[in-house]
Amino acid sequence: MSAAATQNASPSAAPVGMALPGLVIAIGMIGDTLLYAVLPLYHQQFGLSLAMVGVLLSLNRWIRLLANSAVAHLGERIGPHALMIAAAIGSAASTTIYGLTEDVTAQICARILWGISYAALNLATLAYAVSDRANAGKRVGASRAAIGLVQAASLVGGAWIVLQLDARSVFLIYGGLTLIALAAALVLPRLPPEPVTAKGFKLPIPHRLEVWGFVMGFAGDGVFLLTLAFLMKDSITSVAAVMATAMLLALRWLVEVTTGPIGGWIGDRFGARRISIANAALLVGGFVLIAAGHEVLGALLIVMTRGMFNTLIPVLVIERGQGSVLSSQASYSTWRDFGAAVGPLTAPWLFLNIPQAPLYTVLSAALAIAAWLCLVRR
């Protein structure tokens, strides 16, 4: 909601609880979350080359470059409740398509649908969280904690299903489970639509926070996530690579369960900037460790700090944003998604042609420079 809408709301109107919005986005995400652990290792079962894996894992981010602003504009007209329902339907459909067919065109359509659906889920959940602006950080943290629990369980459970059945069957099962998100969305209370202007939407101009989002998206959500399965395949031999990857990704979500509410509370009380700077330093350290050959330790540090940023960034957006919360969050998300779209698209070529040490050294340097320019400098 916008500040005006919040101020004009009835004083007796109680903020909407975050249990149902958190459940909708958490269940809606399970198919996409598991795809990052499964698709690079089992791409042949889906009839895909490794290069096409990079295209598919980046495609939803490219779609969100347009969808973030478009969905924010639409959400200001129809309200977060309608966005949630549409996104839940799209999430169930896209997850099911992953397991239904080996047709590349169908997989492309599924990723496009998921990109639009996630943009709606993300922005609508934020709108519910900031219906109580004074406690926005705590509410975002609570939402991220709910998401973290579901994603951690779905990653480990999904990897187990892959090992027992096959890589495509798990997405048919998860497609059915995603219908729980639709049931939760249908019973959500409605929030007032945002006031709208006569102007149409446009792609936002990047400012410092958006630049940080781009670099973090490229390095952390792009190159690192796509190459994680191969790093674990070479570093951990005691368990199946898909299970090792799933467990590490699950750790990222478990970090959000434990640190999300705390980080949100600290952000509300002291501001999120100082914590973000310290967190960015640890994130850079993780990339340095991988460059030095300590893949497991570096990956642990990256997934832990990346999870913390999911709580801190929405609070920073609220502190620095101009205009409505939806449009401010959409601006940051657009540039983060741009980085996360370029990352997977280039990662297969980078990983196959550039040795691990120089690749991750350059990524750590880029993150350090971006953190200094965008988070440390006022």
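The values are calculated or read from the model by the stated rules, or taken from the named source; none is laboratory data. Note that the structure is a prediction, hence the values are computed from the model and not measured. Methodologically, a virtual Cβ is constructed for each residue, glycine included, from the backbone with ideal geometry; neighbour enumeration extends over all protein chains shown. The area values use the complete protein model at the heavy-atom level, side chains included, leaving out ligands, DNA and RNA. Shrake-Rupley method; radii C 1.70, N 1.55, O 1.52, S 1.80 Å.
Output the qualifying pairs, or none if there are none: Cβ atoms under 7 angstrom, residues six or more apart or on different chains, first residue in region 338-357 and farther than 18 Å from GLU295 by Cβ, second residue among the basic types (Lys, Arg) and open to solvent by 10 Å² or more (accessible area, probe 1.4 Å). Once the first residue is farther than 18 Å from GLU295 by Cβ and sits in region 338-357, its partners that are among the basic types (Lys, Arg) and open to solvent by 10 Å² or more (accessible area, probe 1.4 Å) give ALA340/ARG61; ALA341/ARG61. Among the residues of region 323-351 satisfying the criterion of being of a type in the set (A, V, I, L, M) and modelled with pLDDT of 80 or more, which is most open to solvent (accessible area, probe 1.4 Å)? Among those residues, the one meeting the criterion is LEU345.
This table checks each residue for (1) under 23 Å from LEU228 (Cβ atoms); (2) surrounded by 22 or more Cβ atoms within 10 Å (Cβ to Cβ); (3) among the hydrophobic types (A, V, I, L, M, F, W, C); (4) touching a Gly at 6+ places or on another chain (Cβ under 9 Å).
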| position | (1), (2), (3), (4) |
| --- | --- |
| ALA37 | yes, yes, yes, yes |
| VAL55 | yes, no, yes, no |
| ASP103 | no, no, no, yes |
| ALA120 | no, yes, yes, yes |
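Every test in (1) closer than 28 Å to GLY31 by Cβ; (2) touching a Gly at 6+ places or on another chain (Cβ under 9 Å); (3) modelled with pLDDT under 90 is passed by LEU203 save one, and that test is (2). Take the conditions (1) modelled with pLDDT of 85 or more; (2) part of a helix (DSSP H, G or I); (3) more than 26 Å from GLY22 (Cβ to Cβ); GLY293 misses just one of them, which is (2).
Only residues that are touching a residue at least 40 places away in the same chain (Cβ under 8 Å) and out of contact with any Leu (no Cβ under 6 Å at 6 or more places or on another chain): list them for region 155-166, please. Lay out the reasoning, then the answer.
Quick first cut of region 155-166, residues touching a residue at least 40 places away in the same chain (Cβ under 8 Å) only: 155-156, 158-160, 162-163, 166.
Selection gives VAL156, ALA159, TRP160, VAL162, LEU163, ASP166.
Scanning region 333-368 for residues being among the hydrophobic types (A, V, I, L, M, F, W, C) and either outside any helix (DSSP H, G or I) or within 21 Å of GLU210 (Cα to Cα) (or both) gives a total of 13.
Kindly check whether there is at least one residue in region 270-282 that is at pLDDT below 70, more than 18 Å from GLY217 (Cβ to Cβ) and part of a helix (DSSP H, G or I).
yes
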